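Each remark here refers to the structure printed beneath this line.
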Amino acid sequence: MTTEYTIELIQPDEAGVAFFLTYYKAFRLEALQNDPSFFGSTYAREAPMPDEFWRNRVLNPSAKTYVAVDLADRGILSSVTMVRDVPVPPELRTHLANGTAHDEGDMMHWAVNGVYTAPRARRRGIAREVMTAAIKGTRDISSSEERPCLITVLVKNDNTSARALYEKLGFEVTECSEEEDTTRLVLWPADKK
């Protein structure tokens, strides 16, 4: 049976807060329980957090959360949060200095965060659709502010399916750290290519 779904940006308003508290919070906590190695946080840390913690997440003007929502029950199938204007990692500064017309201060740097797809929704292209919508949304915001868009993501070295997804979307590996067990991938501004 095929699940019908839609891709949505959770809006930073009261309806978005209600959706976040009703659906996203449960989705996130389930993800932290089912696949704790995918995240930098833990179920033990986030489960006792009050609603104000979750409210602040959706109302954060620097974060945009995109979700695939099951049309039958409004449950979340997949999600990604894009966080803007985080500092450019030092190891990328050299890359940016060699081959782009923009200096680092002009960049709107977005970090991919909190990516997760429920087990029942995996291997169906849903995560790719959510990421595609998130990339388009971040690029649209950057373009509206006339700033080049740089998108980065850190992936655990053993998470080969996530890395493959990002590479299919055009991300390039810039750094592998055995010590930190992570790989950094970058989606460069259009003029960097």
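FYI, it's all coordinate maths here, none of it is from the lab. Keep in mind the model is a prediction, meaning the values are calculated, not measured. Positions of Cβ are generated from backbone atoms using ideal geometry, with glycine treated the same way; all protein chains shown enter the neighbour counts.
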Counting sequence-distant residues (5 or more places) and residues on other chains, those with an amide H built under 5 Å from that of residue 60 are none
Could you give the length gained by full extension between residue 41 and residue 15, i.e. 0.36 nm per residue of separation minus their alpha carbon distance, to one decimal place? 6.8 nm
Peptides 49-62, 108-121: what's the order by average Cβ count within 10 Å, highest mean first? 108-121, 49-62
Quick check: convex hull over the Cα atoms of segment 1-61, volume per residue in Å³, rounded to an integer? 118 Å³
Going residue by residue through segment 36-52, the Karplus relation 6.51 cos²θ - 1.76 cosθ + 1.60 with θ = phi - 60° gives ³J(HN,Hα) values, rounded to whole Hz and with x marking Gly or Pro, of x, 6, 7, 10, x, 10, 9, 4, 4, 6, 8, 4, x, 5, x, 4, 4
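Hey, could you get me the Stokes-Einstein D for the chain, Kirkwood radius over alpha-carbon pairs, 25 °C and 0.890 mPa s, rounded to whole µm² s⁻¹?
The calculation lands on 140 µm²/s.
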Scalar couplings 3J(HN,Hα) for segment 70-85 by Karplus 6.51 cos²θ - 1.76 cosθ + 1.60 (θ = phi - 60°), nearest whole Hz, x for Gly and Pro, are 5, 5, 6, 10, 6, x, 8, 9, 7, 8, 8, 10, 9, 10, 9, 6
Viscosity 0.692 mPa s, 37 °C: Kirkwood-radius Stokes-Einstein D of segment 115-193 over Cα pairs, µm²/s: 241 µm²/s
Using a Gaussian network for the chain with springs between C-alpha atoms less than 10 Å apart, which of these wobbles most: 156, 25, 136? 136
Could you run the Karplus curve 6.51 cos²θ - 1.76 cosθ + 1.60 with θ = phi - 60° over segment 161-174 and give me ³J(HN,Hα) per residue in whole Hz, x for Gly and Pro? 5, 5, 4, 4, 4, 4, 5, 5, 7, x, 5, 10, 6, 10
